[in-house]
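The values are calculated or read from the model by the stated rules, or taken from the named source; none is laboratory data. Here the structure is a predicted model, which is why all the values come from computation and not from measurement. All Cβ positions, even for glycine, are placed from backbone atoms using ideal geometry, and neighbour counts span all protein chains on display. Heavy atoms of the whole protein, side chains included, go into the accessibility calculation; ligands, DNA and RNA do not. Shrake-Rupley method; radii C 1.70, N 1.55, O 1.52, S 1.80 Å.
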Amino acid sequence: MTSMEYRRLIACHECDLLLRKPASVGARVASCTRCAAKLGALADGGASLDGICAMTLAALIAFCIAQAFPVIELRANGVTSEATLFGAVRSLWSGEMCMVAAMVFCSSTVFPLIELMAFLYLLVPLRIGRVPPRFNRVLRVVQLVRPWCMVEVFMLGVLVTIVKMVSIADVIAGPGLFALAGLTVMLAIVASFDPGRLWAVHERLTSARRTGIRWSKVEGRRERFMRMQPVREPARSSAVTAQRAGLVGCHACGLVQAHAEGRTRQRCSRCGHLLHRRHADSLTRTTSLLLAAVFAYIPANLLPIMHASTLGRFEDDTILGGVAYFWSSGDWPLAVVVFIASVLVPMLKLAVLALLTLTARRGSAWRPRECTVLYRLVERIGRWSMLDVFVVALTVTLVHFGSFAVITAGPAALAFAAVVILTMLASHQFDSRLIWDSVDAARHRARTDRPGVR
Ligand SMILES: [Zn+2]
Ligand SMILES: [Zn+2]
């Protein structure tokens, strides 16, 4: 096989199955035939470059408004206090919660800003038919910061805080809130665009330059939809993985290439990203991160997450105590939301990741499809546990009425933020291809054991 032929292949990023790339998938979403993973980088229909470019620009404007104006204002006893995004960070920082402040600042401000700026840097030149300098570095930055942008979780945090505060004071929605709502929607649309798709544009542009075809003609070509075909082993009808075929798929740009046997560090020939047939020590890393998360989970639930002092009376609030308070005071929808985000999701994440590492360690081929679905679920819902951290940040900023009422963050806020970060890192470290390796190994064993078949 030549390198040109490799370009017609895709290795599924979740189960490593080798698939033939259809000439075009149109607006439809292509998915892996074995594990049903969405191959987003393939879609050449859907949102156009122009649409995403405009959406990113609009999101950047909404971002500036959301930063500049207060999100919520609170009025109690004739005193007004307001919370801006940056104000929430500042009051955590001054309350000696520097780590939590840094996490809130990065996930709600720094990373979304980096993502939007970097995306715009790539999209504007590509639209007019130029490849910007340092294309693949900047694209990699977008891919790296994307999982850590949590504007939508912050938005939910604002809503929970509003409902919480309504009973104790007058709550006024600030102009920042509307900008934040708009930003949430626009970022969701921008995030639906897989940056890996830009590699196809990059390739078309560079090949167009070589052959002298004009960009508009290349872009205008539309081919009909073709079904995804797994690559089959010759002489046998079973589908083959990239590893078994001696190939490796790049996780950053998706390019399939020959695996250099014996070389410890092989880099992608297109984007320069480090290639891994399987992530080395994936299970060891996942297990250690999981153990650390379990240890942080205990103080996160036992220690107070907020200290409240109202008219000389001091009160400590734990996560479960807060849920119980909402439930007993009749705010049961809020109790359910907080319970799911702060208690159920972290517990579910820990349990699912422990189950996956255990089955992968034992090399068991138990229900691979269901395991993959569970893994995808953990990857998707993990970020929502940050909800409680954001609610604490906003509450601390809003409630500082001198001797009348002051709320400060407690040690559980740090422990809880650590649980969220550690479980997210653990799920990133887990290599989902390991789930399917046991299935391949079992199938291979069964075939070689059968008499008459080599
Ligand atoms: Zn797959
Ligand atoms: Zn690559």
Seminar exercise, completed: Conditions (1) open to solvent by less than 50 Å² (accessible area, probe 1.4 Å); (2) modelled with pLDDT of 90 or more -> Val406 fails only (2)
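Quick one: would you say Leu156 is touching a strand residue (DSSP E or B) at 6+ places or on another chain (Cβ under 7 Å) and either surrounded by 19 or more Cβ atoms within 10 Å (Cβ to Cβ) or assigned to a helix (DSSP H, G or I) (or both)?
Numbers: touching a strand residue (DSSP E or B) at 6+ places or on another chain (Cβ under 7 Å): no; either surrounded by 19 or more Cβ atoms within 10 Å (Cβ to Cβ) or assigned to a helix (DSSP H, G or I) (or both): yes.
The answer is no for Leu156.
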For this session: Go through the residues of segment 191-207 one by one and say whether even a single one is farther than 22 Å from Leu122 by Cβ and either open to solvent by 60 Å² or more (accessible area, probe 1.4 Å) or at pLDDT below 85 (or both).
Result: no
For this session: Looking only at segment 125-159, count how many residues are in contact with a helix residue (DSSP H, G or I) (Cβ under 8 Å, 6 or more places away or on another chain), modelled with pLDDT of 90 or more and more than 19 Å from Gly196 (Cβ to Cβ).
Result: 9
For this session: Among the candidates Met424, Met347, single out the residue that is surrounded by fewer than 17 Cβ atoms within 10 Å (Cβ to Cβ) and at pLDDT 90 or above.
Result: Met347
Problem set entry | Scan of segment 239-288 for residues that are more than 8 Å from ligand 2 (Cβ to nearest atom) and aliphatic (A, V, I, L, M), ordered by number | Ala239, Val240, Ala242, Ala245, Leu247, Val248, Val256, Ala258, Ala260, Leu274, Ala280, Leu283
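Conditions (1) open to solvent by 10 Å² or more (accessible area, probe 1.4 Å); (2) outside any loop (DSSP other than H, G, I, E, B); (3) charged (D, E, K, R); (4) under 18 Å from Leu394 (Cβ atoms), marked per residue:
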| site | (1), (2), (3), (4) |
| --- | --- |
| Ala66 | no, yes, no, yes |
| Ala88 | no, yes, no, yes |
| Val104 | no, yes, no, yes |
| Ser107 | no, yes, no, yes |
| Pro112 | no, yes, no, yes |
| Leu120 | yes, yes, no, no |
| Leu139 | no, yes, no, no |
| Gln143 | yes, yes, no, no |
Problem set entry | Residues satisfying the stated conditions in segment 302-338, i.e. surrounded by fewer than 19 Cβ atoms within 10 Å (Cβ to Cβ) and assigned to a helix (DSSP H, G or I) | Leu302, Leu320, Gly321, Ala324, Tyr325, Trp327, Ser328, Trp332, Pro333, Ala335, Val336
For this session: Filter segment 97-117 down to residues that are more than 17 Å from the chain's Cα centre (by Cα) and small (Gly, Ala, Ser), then give me how many there are.
Result: 2
Problem set entry | Options Ala360, Ala413: the member that is touching a Leu at 6+ places or on another chain (Cβ under 7 Å) and either among the small types (Gly, Ala, Ser) or not in a helix (DSSP H, G or I) (or both) | Ala360
For this session: For segment 355-378, state whether one or more residues are over 25 Å from Arg34 (Cβ atoms) and open to solvent by less than 40 Å² (accessible area, probe 1.4 Å).
Result: no
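If we scan segment 280-293, do we find a residue that is touching a residue at least 12 places away in the same chain (Cβ under 8 Å), more than 16 Å from ligand 1 (Cβ to nearest atom), in a loop (DSSP other than H, G, I, E, B) and surrounded by fewer than 18 Cβ atoms within 10 Å (Cβ to Cβ)? First the steps, then the outcome.
Start the filter on segment 280-293 by keeping residues that are touching a residue at least 12 places away in the same chain (Cβ under 8 Å), which leaves 282-283, 285-287, 289-290, 292-293.
Add one more test, that the residue is more than 16 Å from ligand 1 (Cβ to nearest atom), and what stays is 282-283, 285-287, 289-290, 292-293.
Subsequent filtering for residues that are in a loop (DSSP other than H, G, I, E, B) retains none.
Looking through segment 280-293, none of the residues is touching a residue at least 12 places away in the same chain (Cβ under 8 Å), more than 16 Å from ligand 1 (Cβ to nearest atom), in a loop (DSSP other than H, G, I, E, B) and surrounded by fewer than 18 Cβ atoms within 10 Å (Cβ to Cβ).
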Exercise. Of the residues that sit in segment 15-43 and are surrounded by fewer than 16 Cβ atoms within 10 Å (Cβ to Cβ), within 15 Å of ligand 1 (Cβ to nearest atom) and of a type in the set (A, V, I, L, M, F, W, C), which one is modelled with the highest pLDDT?
Worked result: Ala36
Exercise. With respect to Arg130, is the statement that it is more than 29 Å from Ile305 (Cα to Cα) and surrounded by fewer than 17 Cβ atoms within 10 Å (Cβ to Cβ) true?
Worked result: yes
For this session: Find all pairs meeting these conditions: Cβ atoms under 8 angstrom apart; at least six residues apart or on different chains; first residue within segment 156-170 and within 18 Å of His400 (Cβ to Cβ) and charged (D, E, K, R); second residue open to solvent by 50 Å² or more (accessible area, probe 1.4 Å) and in a strand (DSSP E or B).
Result: Asp170/Arg75
Seminar exercise, completed: Considering segment 244-278, residues that are under 26 Å from the mean Cα position of the chain (by Cα) and within 16 Å of ligand 1 (Cβ to nearest atom), and then whichever is surrounded by the fewest Cβ atoms within 10 Å (Cβ to Cβ), we arrive at Arg278
Seminar exercise, completed: Taking first residues from segment 12-25 that are within 16 Å of ligand 2 (Cβ to nearest atom) and second residues anywhere that are modelled with pLDDT under 75, the pairs with Cβ under 8 Å that are 6 or more apart or on different chains are Lys21/Leu42
